[in-house]
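Some notes on the structure that comes next.
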Amino acid sequence: MTNLQLAEVRVVGTDDSQDALTRALKENAGASCTKRRFNSCYNDLALARHNDYREGHENEEGKAFTLTGLLVINEPNAVALQAQMDKSDFAGESSITNIPQGCQMSFYTETNTAAVPDLDKNHAVTDSWYSGYKHYDYTNGKWKDGLTAAEKTLAKAFTRMVWRGTKTVAFGVKGKYVAAWYCNPSGSTNSNGAGDTEGSAAYLAAFKANVMKSCLELTVPAAGPV
């Protein structure tokens, strides 16, 4: 984890994801995590980490700074996502075909076999998705030029995590796989610019309006006279 990431999850002074990690480690020792037909422990864990990161992103409007709002878990979506991942013929990202309208998906595959048993008990997936900030160009409202396919995938995952207009999220876990659905409240458009041609003026405007800089990358106005 980079110093920038560490600073961002701590910038508001809470880091709720650490409390969620402690709870998830305890609850994952029993069967209570899946009694609601999805892994509620992992959903709480990943949600807290997402929100810690989102709180580090803000928009300067004149001299006022507005924080990116917090996400909440959409339980029906979590149940539906987990049901698709629990099918006997599930074979990875391509097996998830029924994504709700107004939602976009990020997908993670753990390639280190030794790490799979603890994948639903730590922040590895969320931290990996957030690392895509390195590949995002805030000035132009798009991912940087010349990226590899893997880097572009991370950049897109990052924008979904911090997209200002997104209100709900749901996570599914199956062995070495983790999926997330990010959804807006209206369900009419996807959560990060879909519906417009990539690179179009409308597409770029949507990114500029919804992907805020981290507070560490903004110049905070100096305090005026007291």
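The values are calculated or read from the model by the stated rules, or taken from the named source; none is laboratory data. None of the values given here were measured: they were computed from a predicted structure. Every residue, glycine as well, gets a Cβ built from its backbone with ideal geometry; the counts of neighbours run over all protein chains shown. Note: areas computed on protein heavy atoms with side chains; ligands, DNA, RNA excluded. Shrake-Rupley method; radii C 1.70, N 1.55, O 1.52, S 1.80 Å.
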| note | Sole miss for Leu70 among (1) in contact (Cβ under 8 Å) with a residue 24 or more places away in the chain; (2) surrounded by 12 or more Cβ atoms within 10 Å (Cβ to Cβ) is condition (1)
| Just one of the numbered conditions (1) open to solvent by 40 Å² or more (accessible area, probe 1.4 Å); (2) at pLDDT below 95 is not true of Asn192; which one? | (1)
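Matching residues to (1) assigned to a helix (DSSP H, G or I); (2) among the small types (Gly, Ala, Ser):
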| site | (1), (2) |
| --- | --- |
| Ala80 | yes, yes |
| Ala83 | yes, yes |
| Pro117 | yes, no |
| Ser128 | yes, yes |
| Tyr133 | yes, no |
| Leu147 | no, no |
| Thr159 | yes, no |
| said: With the structure loaded, tell me whether Gly172 is closer than 25 Å to Phe207 by Cα, in contact (Cβ under 8 Å) with a residue 24 or more places away in the chain and under 18 Å from the mean Cα position of the chain (by Cα) or whether it fails that test. | reply: no
| request: Please specify each residue of the stretch 114-140 satisfying the condition of being free of Cβ contacts under 8 Å to residues at least 60 places away in the same chain and β-branched (Val, Ile, Thr). | output: Thr139
| request: Might you let me know whether the stretch 34-41 holds any residue that is over 18 Å from Ser131 (Cβ atoms), at pLDDT 95 or above and part of a helix (DSSP H, G or I)? | output: no
| request: Check the stretch 53-76 and report whether any residue there is among the polar types (S, T, N, Q), modelled with pLDDT of 90 or more and not in a loop (DSSP other than H, G, I, E, B). | output: no
| How about the stretch 92-110: which of its residues are free of Cβ contacts under 8 Å to residues at least 60 places away in the same chain and open to solvent by less than 70 Å² (accessible area, probe 1.4 Å)? | Ser95
